[in-house]
Amino acid sequence: MPRKLERSINQSIVGLSDGVAAYYVPLIIKGASFMPEWLQQAISSFVGAGMGTTAVGWYIKTRIEAGVRERHMRLEADLQSQLEESKSKLARFAVEHQVKFSHLHTQRAEVVAQGYMVLRHLYDATRSYTSPAGEIEGNAREHLRIAVLQALEAAEDYLLPRLIYLPEKSAENTKSFLSLMNRNAGKFRVTVDTSADIPKIAAWQAVWNEVSKDGEQLLNELANDYREVLDVC
């Protein structure tokens, strides 16, 4: 390539970024076989028309700058497209998460509502069975004992497999309440209900105090636990 054309090109590309200049200038200097097709055609056209090297340099610089701007715009458009796609994915994820959370909350609400109902039924049955004011004639006490067993079985069958839906504290209180009712119903049956002798008043009183006082207190704590689960405090 003529040195005059080389100097003109080098002068014309002053102001371009180092990366752009580092790419195109060696190609121009090394020869036409290394040049982009559009550059070979431009030089041939200008030379064939007898135009000066300044015009050739200006044209090359303009084309390079235009190419840089076009590439920048394409990159910007690609980045914008990727950003919108990421926003869309995040929005879908948020919706899916909300749906899953809502479904979990619905399941929890069902467990809490049904669970408290069976616990309350168990408490009422155990209280009736162990009450000093309860029926003791005929088969009345036997019916009350059976009612306690049925209530205990229903409460354990429903709640124990579903404790995973409850916070750890609520789950532990639930198991404690079930154990308290079961233990005192059994103790009452052995020491009072089926005793051949006169009922042991001290044992009866101990059972009744645990059921009526400790049981009611624990049931109230459970009610507060369940309200926290439902966020209705």
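The values are calculated or read from the model by the stated rules, or taken from the named source; none is laboratory data. None of the values given here were measured: they were computed from a predicted structure. For neighbour counting, all protein chains shown are included, and Cβ atoms are generated from backbone atoms with ideal geometry for every residue, glycine included. We work out accessible area using only protein heavy atoms, side chains counted, and drop any ligands, DNA or RNA first. Shrake-Rupley method; radii C 1.70, N 1.55, O 1.52, S 1.80 Å.
At-a-glance table
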{"quantity": "Rounded to the nearest 10 Å², the accessible area of Thr106 at probe 1.4 Å", "calculated": "90"}
{"quantity": "Length released on extending from Thr106 to Glu216, taking residue separation times 0.36 nm less the Cα-Cα span", "calculated": "36.9 nm"}
{"quantity": "Gain in span if fully extended, Ala77 to Ile164, counting 0.36 nm per residue against the direct Cα distance", "calculated": "26.4 nm"}
{"quantity": "Rough spin-label spacing in nm, given labels placed 7 Å along Cα→Cβ, for Val68 and Arg227", "calculated": "7.1"}
